[in-house]
């Protein structure tokens, strides 16, 4: 599979991103990053470099919380499956 090169605009600058993901996916990610950077810029007035770091920290925080929630939900599913199997075995 060949990488797809997609040009996106984030915080007023163009970047060419090479990815195995679709152009639509890369544009979706870039749009999210651009929106988050613009929101932070309006709220904080930080320079671009600091905005980029703060955006990365916030995105990583969201990702880690999502992974924790996925693990919690998977454990809940496993527990429910075990309980159903035990119940079905007793009938």
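Details
- Taken over segment 9-44, the criterion of being within 17 Å of residue 55 (Cα to Cα) and not in a helix (DSSP H, G or I) is satisfied by 9, 10, 11, 12, 13, 15.
- Candidates are the residues of segment 45-55 that are free of Cβ contacts under 8 Å to residues at least 40 places away in the same chain and part of a helix (DSSP H, G or I); the one that is surrounded by the fewest Cβ atoms within 10 Å (Cβ to Cβ) is 49.
- Any hit, segment 56-73, residues being at negative phi, surrounded by 11 or more Cβ atoms within 10 Å (Cβ to Cβ) and either in contact (Cβ under 8 Å) with a residue 12 or more places away in the chain or not in a helix (DSSP H, G or I) (or both): yes
- Here 30, 18, 11 are screened, and the one residue that is surrounded by 10 or more Cβ atoms within 10 Å (Cβ to Cβ), touching a residue at least 12 places away in the same chain (Cβ under 8 Å) and in contact with a helix residue (DSSP H, G or I) (Cβ under 8 Å, 6 or more places away or on another chain) is 11.
Every number in this text was worked out from the coordinates using simple rules, so none of it is lab data. All figures in this text were calculated on a predicted structure; none of them were measured in a lab. Neighbour counts are summed over all protein chains in view; Cβ atoms, including those assigned to glycine, are modelled from backbone coordinates with ideal geometry.
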